[in-house]
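A short write-up of the structure that comes next.
The values are calculated or read from the model by the stated rules, or taken from the named source; none is laboratory data. Just so you know, these numbers come straight off a predicted model, no measurement behind them. Cβ coordinates were reconstructed from backbone atoms using ideal geometry, including for glycine residues, and neighbour counts include every protein chain displayed.
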Amino acid sequence: MIPVGKFDVHPAVRFTSRWNVATQEALTFNDPVHGLLTVPADFYSDLASIRILREVCRWAAIGALTGWVFAWGWLAAALLELAIVTLALYGMLAGYGMRAAMLHDWLYGVGTLTRADCDGVFYRALTTGDGTARWRASIFWLGVRLGGSTSYTKTPASSGFSSCGDRL
């Protein structure tokens, strides 16, 4: 029996590309609210999807350098500040919560839980399952709440949609 709030195994994954992995065996998390949640073997995930922070940092830094060349003043300074903040965020988050991220991607894909429930499971999987600090898990949670709506599968479990996909 898997203890409540824990994963059953460490992830057995294979990288399918630079940013994507596939599970090689099932991965189960015993959530205190929703019970056993199992990611099947051969599920593809892009993990925490935080590389957007790195891209924002890159382009903000390029914009800041360009701004100083063309004397944009305050805009160049603002772009440099944005580059520094996003680089710091990326550094604080990279490498954490692999199992929780795979579980979250799977939950978003199957849509058996509402989006808010998926994000709650993600937070609990980060803190109790992966041992991620609460402050860091809160940043991850805020990120999926702010940016996850486009990735969530609209299914009968998601409010506002019927089983045929038509708006109610």
Response to the item:
Going through region 5-31 in order, the residues found to be surrounded by 11 or more Cβ atoms within 10 Å (Cβ to Cβ), touching a residue at least 40 places away in the same chain (Cβ under 8 Å) and part of a loop (DSSP other than H, G, I, E, B) are Gly5, Lys6, Pro11
Practice prompt. Determine which member of the set Leu47, Leu53 is part of a loop (DSSP other than H, G, I, E, B), within 30 Å of Arg115 (Cα to Cα) and not aromatic (Phe, Trp, Tyr).
Written response: Leu47
Item to complete: Go through region 89-100 and give me each residue that's at pLDDT below 90 and either within 18 Å of Ala41 (Cα to Cα) or aliphatic (A, V, I, L, M) (or both).
Response: Leu89, Met92, Leu93, Ala94, Met98
Worksheet item: Residues Leu113, Leu37, Leu89: which one is hydrophobic (A, V, I, L, M, F, W, C), within 25 Å of Ser149 (Cβ to Cβ) and touching a His at 6+ places or on another chain (Cβ under 8 Å)?
Response: Leu113
